[in-house]
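Every number in this text was worked out from the coordinates using simple rules, so none of it is lab data. Not measured: the values here are computed from a predicted model. As a convention, Cβ positions derive from the backbone with ideal geometry for all residues, glycine included, and neighbour counts pool all protein chains shown.
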Amino acid sequence: MLERVKASLPALPPAEQRVAKLLLADPRSFAELPVSELADRAHVSKPTVVRFCRSVGYDGLTDFKLKLAGTVNEGVPFIHRAVDEDDKPGDLIVKVIDNAVAAFLKYRNAAAGHAVERAIGALAAAAAGKHRIEFYGVGNSGIVAQDAQHKFFRLGVNTFASSDGHVQLMSATMLGPGDCAVVISNSGRSRDLLDAADVARRKGATVIVITASSSPLAQFAQVNNQVLLAADHPEDFDRYSPMVSRLLHLTIIDILTTGVALRLGPALRPMLQEIKRNLRAKRYAQGE
């Protein structure tokens, strides 16, 4: 909820921005103070406080405070940061989706366009030159790597995905100039991924890193002039199951896939059309 408000901040009127900043500075006090005190502290009228609550998607101040009281808690450890033990299914729907939406809005506003441009350029050049594109991840990120391999495979790219540290190291050793290694990690602390990324870099491949901006893997990319696609979110990887991070990483892969497909141009489309036509014949139930 707080991340959602933070992401919405630039779009709010100036008076409502003051209310938002008051909230973000001390969420617990905001949940407890009466509307008159909130208005005085933000130097706005009482109706402005209510309008702010409606602007960010709630029915009014009462509804906003009720939801806020749950948000400022730390959630259920090892399950989800946005939920409480006694939440009903309806509450879970709202909280889990709001948490994901807030992370998406934050990423949309913070994404570095130049880094995405650089990554798409390297991947498109590798695809056009029939070079290799490899995706490395472990655990949950290994599943994202498999999804990325599947998406790029459909573009006719020579691609490979691995979640095994030994295989990653061997595969990275066989890369060379013009190839790309895309390394995906929520924590950015995996020794296996750091080793594979360093080997790929030394062999002359372009390394594209998808991870948190403060992680060791991000620092590796910055120090070695590789491509960093930072995916920051409020999910503590030591405390909660990786949910938002997985969705963000999948979205970044979708952005890269779309960008590369556009770079490869209209010549790619007949192949994609033929793939769809051939797959249609595999369906058991045909439409009218």
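Let me make sure I get this right: for the chain, a, b and c are the square roots of the gyration tensor eigenvalues over alpha carbons, sorted descending. Under 1.5 in a/c it's rounded, otherwise prolate if a/b > b/c, else oblate. Which is it? Could you put the intermediate results ahead of the total?
Values: a/c = 2.23, a/b = 1.87, b/c = 1.20.
Since a/c reaches 1.5 and a/b is larger than b/c, the shape of the chain is classed as prolate.
Hey, what did the range 133-288 get for relative contact order, percent, Cα under 8 Å, at least 6 apart?
Working: 236 pairs, mean separation 30.2, N = 156.
Once divided by the residue count of the range 133-288, the mean separation gives 19 percent.
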- Note on the structure: Relative contact order in percent for the chain (Cα pairs under 8 Å, 6+ apart) equals 15
- Message: What are the ³J(HN,Hα) couplings of the range 164-170, residue after residue, when phi is run through the Karplus curve with 6.51, -1.76, 1.60 and θ = phi - 60°? Round to Hz, x for glycine and proline.
- Response: 9, x, 5, 5, 4, 5, 5
- Message: Taking R0 as 51 Å, what FRET efficiency do you get between Asn225 and Lys88 from their Cβ-Cβ distance, rounded to the nearest 0.05?
- Response: 0.50
- Task: Would you mind calculating the relative contact order of the range 77-225 from Cα pairs under 8 angstrom and at least 6 residues apart, reporting the percent as a whole number?
- Result: 19
- Task: Would you please put 118-125, 19-26, 259-266 in order of how densely packed they are, using the mean number of other Cβ atoms within 10 angstrom per residue and starting with the highest?
- Result: 118-125, 19-26, 259-266
- Note on the structure: Under 5 Å from the placed amide H of Ala181, counting only residues 5+ away or on other chains, we find Glu134, Thr206, Val207, Ile208
- Message: Looking only at the chain, where both bridge partners belong to it, what percent of the DSSP beta bridges are antiparallel (to the nearest 5)?
- Response: 5
- Task: Taking 7 Å along the Cα-to-C-beta vector as the label spot, tell me the Ala267-Met170 distance in nanometres, rounded to one decimal.
- Result: 3.4
- Message: Just to be sure I understand: with springs between alpha-carbon atoms less than 10 Å apart, which residue in Asn225, Asn186, Asn158 has the highest mean-square fluctuation in the Gaussian network model of the chain?
- Response: Asn225
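Classify the range 175-282: rounded, prolate or oblate, from the alpha-carbon gyration tensor (a ≥ b ≥ c, eigenvalue square roots; a/c under 1.5 rounded; otherwise prolate if a/b is larger than b/c)? Provide the component values of the computation, followed by the final result.
On the way: a/c = 2.52, a/b = 1.46, b/c = 1.72.
Note, shape of the range 175-282 comes out oblate.
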- Task: Determine the shape class of the range 93-207: with a ≥ b ≥ c the square roots of the Cα gyration tensor eigenvalues, call it rounded for a/c under 1.5, and otherwise prolate if a/b is greater than b/c, oblate otherwise.
- Result: prolate
- Task: Please get the size of the charge dipole for the range 112-278, origin at its Cα centre, with Cβ charges of +1 on Lys and Arg and -1 on Asp and Glu, quoted in debye to the nearest 20.
- Result: 580
